[in-house]
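The values are calculated or read from the model by the stated rules, or taken from the named source; none is laboratory data. These numbers were taken from a predicted model, which means no experiment stands behind them. Heads up, the Cβs are rebuilt from the backbone with ideal geometry, glycines too, and the neighbour counts pull from every protein chain shown.
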Amino acid sequence: MKRLLAILSIVTFSASAQPNFELSIEEATLPQAPGLQSYVVGQYQGKWLLIGGRTDGLHRRQPFAAFLAADNNLMAYVIDPANLQHWSVSLSSLPTALFEQLQSTNMAFIQRDTVLYIVGGYG
């Protein structure tokens, strides 16, 4: 089964007095791509890095079953949208504190140049 990855790709703001912006969404179908929700995404040399998030989609609204550990994303994915390829590696070889943080969902993140800053999340 093919998974669909939709990425909100470009938001640009004008420095003029009028609030102008452009928004575009591009669709890419990648065989065997991960199905993730509330993940972190960074970009480098045209490739996307995906970390964290959930593999079960929207979490249940039941406090005892909302964020089951079995549905944490334990992988880091690199996606090449130009060639429709992807690669993955387990995060489990990282030190425990980092491994636990990077499998969180809904982390706040921002990328400045080549540095991806990540903080918080549910886990």
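A quick yes/no check of all residues on (1) of a type in the set (A, V, I, L, M); (2) under 15 Å from the mean Cα position of the chain (by Cα):
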position	(1), (2)
Tyr77	no, yes
Pro81	no, yes
Leu91	yes, yes
Leu94	yes, no
Glu100	no, no
Asn106	no, yes
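In the condition set (1) within 13 Å of Gly123 (Cα to Cα); (2) surrounded by fewer than 15 Cβ atoms within 10 Å (Cβ to Cβ), Asp71 is compliant with all but (2). Considered as a group, the residues in the stretch 61-75 that are hydrophobic (A, V, I, L, M, F, W, C) and at pLDDT below 90 include one that is farthest from the chain's Cα centre (by Cα), and that residue is Phe64. When the residues of the stretch 1-43 are narrowed to those that are in a loop (DSSP other than H, G, I, E, B) and over 27 Å from Phe67 (Cα atoms), which ends up modelled with the highest pLDDT? Per the stated criteria, the residue is Asn20.
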